[in-house]
Amino acid sequence: MTPLAPSPTKRILTKGNEAICLGALAAGCRHYYGYPITPQNDIPEYMAAHLPALGGTFLQAESEVATINMMLGTSASGKRVMTSSSGPGISLMQEGLSYMAGSELPAVVVNISRSGPGLGGIAPSQGDYFQAVKGGGHGGYRLIVLAPHSVQEMYALTMLAFDLADKYRTPAMILGDAIVGQMKEPFVASPYDPASTVEKPWALTGCEGRERQNVKSLHLKDNAIEVHNWKLHEKHERIRKSEVRAESYMLDGATIAIVAFGTAARVSKTAIQWARKEGIAAGMLRPITLFPFPEREVFELSRTVDVLLVIEMNTGQMVEDVRQCTPLHDRIAFLGKPCVMPTPEEILEQIRLLTRRKG
Amino acid sequence: MSAPGKAGFSKPVYTRPRSLVDVKSHFCPGCHHGTIHKIVAECIDRYGLREKTIGVACVGCAVFLYDYIDVDVVEAPHGRAPAVATGVKRAQPDKFVFTYQGDGDLAAIGTSEIIHAANRGENLSVIFVNNTTYGMTGGQMAPTTMLGQKTSTTPYGRDFRGDGYPIRMAELLAGLEGTAYSARVAVSTPALIRKAKESVRKAFEMQIAGMGLSIVEFLSTCPTNWGMKPLDAQKRVLGEMSEYFPLGIFKERKQADAI
């Protein structure tokens, strides 16, 4: 296990799942609830080992249903709280996530996704994209969704997830997979900036010195629920406007641009480097936030390149959002590998094929 | 308001509990929620807990807790109040945390949450209102519906051969090591109301002493969905309901270190 509080300047070799824990602890998270499921068990195990000594709470819940509701209670108390799970467990949390979005409660949910549907398998997959970015539970809401593609980002985006969740009072999700979760690589535990923490006057701490207050999602009177939905919508629009994050990778003069996130993007980088060596002007736009989606960036890119090659570890989910961003649908190509990591060779072959045809 | 003529009347002998909000009740005539709210409010006041209390409301008629009890309240999804309360109490162990749940909530959809919260010995108090039906949704069969009882989803009466038996939650939870206190009470007569209040006091004392999970099950009415006049509903509580769901204390922990 990586020790607590690694050097803020030295590179250390760490597993992605442990980097998430280090990011959470650095961001002041002291409450973790969870239920075992592969391939994310390193996260609860790390938290179980370290939280008690930090004066925090680690609790192995009886189910993911209980987990998300324990989080609801801790979040309503004004404390930072995290869980991690995978596909089937994340599905069980959707009810609670809807309640938390409706009650405007922040939390960080890590999905180290596995193959589905159903019990599926434990192979890495990006099949949970729709569930993550379209809300997932009932009633119409959005989660803030961050997609790390390296151990460094597993650390940094976890800290960011806490800040964004608090800032907008809504749950945030880290969408990873078995590969970014299990792979080890050097990273630097850069310090957390406490300037981004916010006050939580809405927290339920007992009504000493103030009127009683509630945290709730039920709105029965008059048109209260319509008003509430517009308020949530306005919040989603602010997130869309202010929080888009994407990496432009070797896009200078690119004629073919890959659009991929997470592990698929990581593999694509190798293929792009190989393609460039062959003289093919390949690059990539990598969405780091999946909600909000880099809509404008995709649109602008679609006007300058011949081909947008969307690569996903599923049979085509994010590609639908890419199509929404641009009317130039004939420039969009798709390579999907459900529950399998595409190899750089396969991606390079696809790049060659598409640039030959267009050329 | 000026005191009546008699000198002895000038000293108030009864006042509204501080923790009970002064509003008109929206509950149906003969419903017990109002009485139970008042008992809870009186016990909160007794131990000076109002400003350090977080209540957890559940789904169903019980959700309106926050309109009547003058404390911070968080709303839990259906059945999940013990999990939400766990999250509140773990984050704020110095606060007083109680859930207020109906029978569909606690004994059907939330069975897992209440059993595991009790089994962990979560230091919480649970107010459980058992009126043998789903009140807010229009009187469907509850896990506590009596055999033979007609509801909108047991139009021919509850039959154990297809619907199972009414669950005795107070006894079931008393069997768990983590449970500090488990009792069943009723509020259909003044004497029973006094006894019920004693049980709620005991339950709250258990939490104050850090003994583990305490639960008080109230046998309650739903005259509207039972299709009964309020007085007949009281008779049903005192008759067939108390026979199947006996009143009493099923568990009372003496020492916290037993956990």
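Every number here is computed from the coordinates shown, using simple stated rules; none is lab data. All of these numbers come straight from a predicted model, not from anything done at the bench. Neighbour counts are summed over all protein chains in view; Cβ atoms, including those assigned to glycine, are modelled from backbone coordinates with ideal geometry.
Across segment B:203-210, in residue order, what do the Karplus-derived ³J(HN,Hα) couplings come to in whole Hz, using 6.51 cos²θ - 1.76 cosθ + 1.60 with θ = phi - 60° and x for Gly and Pro?
Per-residue couplings from phi come out as 4, 5, 4, 4, 5, 4, 8, x Hz.
If a paramagnetic tag sat 7 Å from the Cα of A:PHE130 along the Cα-Cβ line, which residues of segment A:83-104 would have the backbone N under 18 Å from that point?
It comes to A:87-95, nothing else.
Rg/Rh for the protein assembly as shown: what does it come to with C-alpha atoms and Rh from Kirkwood? Let's see the in-between values first.
Values: Rg = 28.0 Å, Rh = 26.4 Å.
My calculation puts Rg/Rh at 1.06.
So for chain A, taking the charge dipole from beta-carbon charges (+1 Lys/Arg, -1 Asp/Glu), which of A:VAL310, A:VAL215, A:GLY120 sits furthest toward the positive end?
Positive-most Cα among the choices belongs to A:VAL310.
Counting pairwise Cα distances across segment B:1-132, what percent come out greater than 24 angstrom? Kindly include the intermediate steps, with their values, before the conclusion.
Working: 2909 of 8646 pairs.
More than 24 Å apart: 34 percent of the Cα pairs in segment B:1-132.
In vacuo Debye scattering of chain A, one point per C-alpha: log10 I(q)/I(0) at q = 0.07, 0.09 Å⁻¹?
Summing over Cα pairs of chain A leads to -0.30, -0.50.
Given Cα pairs under 8 Å that are at least 6 residues apart, what percent is the relative contact order of chain A? Walk me through the intermediate numbers first.
On the way: 748 pairs, mean separation 62.1, N = 359.
Once divided by the residue count of chain A, the mean separation gives 17 percent.
Please report Rg (one decimal) and Dmax (integer) in Å for the Cα set of segment B:26-252.
16.1, 50
Relative contact order for segment A:247-358 using alpha-carbon pairs under 8 Å, separation at least 6, rounded to a whole percent? It would help to have the intermediate numbers written out before the result.
Numbers: 184 pairs, mean separation 35.5, N = 112.
Normalised by residue count, the contact order of segment A:247-358 is 32 percent.
For a quick check: with amide H placed at 1.01 Å from N, whose amide H comes under 5 Å from A:SER77's, ignoring anything fewer than 5 positions away on the same chain?
A:LEU204
At q = 0.13, 0.17, 0.18 Å⁻¹, what log₁₀ I(q)/I(0) does segment A:217-359 have when each alpha carbon counts as one equal point scatterer in the Debye sum?
Rounded to two decimals, the profile gives -0.58, -0.87, -0.95.
Out of the DSSP beta bridges found with both residues in segment A:247-358, what percent are antiparallel (nearest 5)? List each step's numbers first, then the result.
Values: 3 of 16 bridges.
Within segment A:247-358, antiparallel bridges account for around 20 percent of the total.
HN-Hα J couplings of segment A:114-125 from phi, Karplus 6.51/-1.76/1.60, θ = phi - 60°, integer Hz, Gly and Pro as x?
My calculation for segment A:114-125 gives 10, 7, x, x, x, 6, x, x, 9, 5, x, 7 Hz in order.
Sort A:93-101, B:219-227 for me by packing, meaning the mean count of neighbouring Cβ atoms within 10 Å per residue, highest on top. List each step's numbers first, then the result.
On the way: A:93-101: 24.4, B:219-227: 22.1.
Peptide ranking by packing, descending: A:93-101, B:219-227.
Can you work out ³J(HN,Hα) from phi for every residue in segment A:86-101, in order, using Karplus 6.51 cos²θ - 1.76 cosθ + 1.60 and θ = phi - 60°, giving whole Hz and x for Gly and Pro?
8, x, x, x, 5, 4, 5, 8, 5, 4, x, 5, 4, 4, 5, 4
Work through the residues other than A:TYR32 whose Cβ is under 12 Å from its Cβ and net out their charges, Lys, Arg +1 and Asp, Glu -1. Before the final figure, lay out the partial values.
On the way: positive: A:ARG30, A:LYS79, A:ARG80, B:ARG90; negative: A:GLU45.
Net local charge, A:TYR32 excluded: +3.
Mind computing the radius of gyration and Dmax over the alpha-carbon atoms of segment B:128-205? Å is fine for both.
Expressed in Å, the Cα Rg and Dmax of segment B:128-205 come to 15.1, 44.
Taking a cut-off of 21 Å between Cα atoms, list the lysines near B:LYS195, but don't count ones fewer than 8 places away on the same chain.
Straight-distance partners of B:LYS195: B:LYS38, B:LYS235, B:LYS251, B:LYS254.
So what is the calculated 222 nm ellipticity per residue for the protein assembly as shown, using -39500 (n - 2.57) for each DSSP H run with n of 4 or more, over all residues, to the nearest 500 deg cm²/dmol? Before the final figure, lay out the partial values.
On the way: 22 runs with 223 residues, N = 618.
Value at 222 nm, helices only: -10500 deg cm²/dmol.
Calculate the dipole size of the protein assembly as shown relative to its Cα centre from +1 charges on Lys and Arg beta carbons and -1 charges on Asp and Glu beta carbons; express the result in debye to the nearest 20. Working shown, then result.
Details: 67 positive and 61 negative charges, 201 e Å.
Roughly 960 debye for the protein assembly as shown.
Place +1 on the Cβ of every Lys and Arg and -1 on the Cβ of every Asp and Glu in segment B:26-252, take the dipole about the Cα centre, and give the residue among B:THR133, B:THR86, B:SER188 whose Cα lies farthest towards its positive end.
B:SER188
To check my understanding: the extent here is largest minus smallest coordinate of the Cα atoms along each principal axis. What are those three numbers for segment A:169-250, in Å, largest first?
Answer, in whole Å and largest first: 53, 32, 26 Å.
At a 10 angstrom cut-off on C-beta neighbours, averaged per residue, how do the peptides A:3-10, A:116-123 rank from highest to lowest? Each step should come with its number before you reach the end.
Working: A:3-10: 11.5, A:116-123: 13.9.
Most protected by this proxy first, the peptides run A:116-123, A:3-10.
Would you order B:TYR47, A:TYR168 from fewest to most other beta-carbon atoms within 10 Å of each residue's own beta-carbon?
Working: B:TYR47 15, A:TYR168 20.
Ranking B:TYR47, A:TYR168 by Cβ neighbours within 10 Å, fewest first, gives B:TYR47, A:TYR168.
Where both residues lie in chain A, what percent of DSSP beta bridges are antiparallel, nearest 5? Before the final figure, lay out each step's value.
Numbers: 13 of 46 bridges.
Restricted to chain A, the bridges split so that about 30 percent are antiparallel.
What relative contact order, as a whole-number percentage, does chain B give when Cα pairs under 8 Å and 6 or more residues apart are counted?
On the way: 523 pairs, mean separation 46.9, N = 259.
Relative contact order comes out at 18 percent.
In terms of Cα to Cα distance under 13 Å, which aspartates and glutamates are near enough to A:LYS269, apart from those fewer than 8 places away along the same chain?
In chain and number order, the partners are A:GLU247, A:GLU345, A:GLU346.
Please order B:ASP232, A:ASP193, A:ASP222 by the number of other Cβ within 10 Å, starting at the fewest. It would help to have the intermediate numbers written out before the result.
Values: B:ASP232 14, A:ASP193 11, A:ASP222 8.
Ordered by Cβ neighbours within 10 Å, fewest first: A:ASP222, A:ASP193, B:ASP232.
Express the C-alpha Rg of segment A:1-137 as a ratio against the empirical globular expectation 2.2 N^0.38 Å, rounded to two decimals.
1.04
Gain in length, B:SER242 to B:ASP94, computed as 0.36 nm per residue apart minus the alpha-carbon separation, to one decimal in nm?
Details: separation 148, 0.36 × 148 = 53.28 nm, distance 3.64 nm.
Using 0.36 nm per residue and subtracting the Cα-Cα distance, I get 49.6 nm.
Please report, for the Cα atoms of segment B:125-167, the Rg to one decimal and the Dmax as a whole number; what are they, in angstrom?
For segment B:125-167, the Cα radius of gyration and maximum Cα-Cα distance read 10.6, 37 Å.
Ignore the peptide's own chain and count Cβ atoms of other chains within 10 Å of each Cβ in A:74-81; give me the average, rounded. Show your work: numbers first, answer last.
Working: counts 8, 5, 12, 11, 2, 5, 1, 3.
Across the residues of A:74-81, the mean count of other-chain Cβ atoms within 10 Å is 6.
Which lysines have a Cα less than 19 Å from the Cα of A:LYS167, not counting those fewer than 8 places away in the same chain?
A:LYS79, A:LYS200, A:LYS216, A:LYS231, A:LYS235, A:LYS241
State to the nearest 20 debye the size of the charge dipole of chain A about its Cα centre, where the only charges are +1 on K and R beta carbons and -1 on D and E beta carbons. Intermediate results must be reported in sequence, preceding the final value.
On the way: 37 positive and 36 negative charges, 88 e Å.
With only Lys, Arg, Asp and Glu charged at Cβ, the dipole is about 420 debye.
Can you give the mean number of other chain Cβ atoms that lie within 10 Å of the Cβ atoms in peptide A:92-104?
Working: counts 0, 0, 0, 4, 5, 0, 1, 6, 1, 0, 2, 4, 0.
Mean partner shielding for this stretch: 2.
How crowded by other chains is B:46-58, given as the mean number of beta carbons from other chains within 10 Å of each beta carbon? Mind dumping the intermediate values first?
Numbers: counts 0, 0, 0, 1, 4, 7, 4, 4, 9, 3, 5, 4, 0.
Across the residues of B:46-58, the mean count of other-chain Cβ atoms within 10 Å is 3.
Would you work out which of A:THR205, A:THR74, B:GLY175 lies farthest towards the positive end of the dipole of the protein assembly as shown? Charges go on Cβ: Lys and Arg +1, Asp and Glu -1.
The residue sitting most towards the positive pole is A:THR205.
Kirkwood Rh over alpha-carbon pairs of segment A:63-185, then Stokes-Einstein at 4 °C and 1.567 mPa s: what D in µm² s⁻¹, rounded to an integer?
Working: Rh = 14.2 Å.
Rounded to a whole number, D works out at 91 µm²/s.
Within chain B, what is the longest stretch that has no trypsin sites (Lys or Arg not before Pro) placed in a DSSP loop and near at most 11 other beta-carbon atoms within 10 Å? Can you show the working numbers first?
Working: sites that count: B:LYS6, B:LYS24, B:LYS254.
Longest gap between qualifying sites, sites excluded: B:25-253.
Quote the charge dipole size of segment B:135-259 about the Cα centre in Debye, to the nearest 20; the model charges only the Cβ of Lys and Arg (+1) and of Asp and Glu (-1).
On the way: 16 positive and 12 negative charges, 66 e Å.
Dipole magnitude for segment B:135-259 comes out near 320 debye.
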